[in-house]
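The values are calculated or read from the model by the stated rules, or taken from the named source; none is laboratory data. Predicted model only: the values in this text are computed from it and were never measured. Cβ placement follows ideal geometry from the backbone for every residue including glycine, while neighbour counts extend to all protein chains displayed.
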Amino acid sequence: MNAKITQGWERIGFRLYRDNVYLLSSASQDLEEQRGVLRGQLADLGASWRTMIS
């Protein structure tokens, strides 16, 4: 369970600082890139859903 949570945080740009402390830099390019990736995945999911109900 903890590994999945950690993966989720890391997926959006949080990085391990020390022990179990994760930090997110608002200036990080990783954050912007991951937001773009997640937006694309959401758009794909929505398009897939729309084709299924049509």
Exercise for review: Being hydroxyl-bearing (S, T, Y) and within 14 Å of the chain's Cα centre (by Cα) is the filter here, so list the residues in segment 27-54 that pass it.
Suggested key: S28
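Here is a yes/no grid of residues against (1) part of a helix (DSSP H, G or I); (2) surrounded by fewer than 10 Cβ atoms within 10 Å (Cβ to Cβ); (3) modelled with pLDDT of 90 or more:
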site: E10; (1), (2), (3): yes, no, no
site: G13; (1), (2), (3): no, no, no
site: S25; (1), (2), (3): no, no, no
site: E32; (1), (2), (3): yes, no, no
site: R35; (1), (2), (3): yes, no, no
site: L38; (1), (2), (3): yes, no, no
site: L45; (1), (2), (3): yes, no, yes
Review point. Are there any pairs, at least 6 apart or on different chains, whose C-beta atoms fall under 7 Å, with the first in segment 13-41 and over 22 Å from A3 (Cα atoms) and the second surrounded by 12 or more Cβ atoms within 10 Å (Cβ to Cβ), and if so, which?
Key: S28/G13
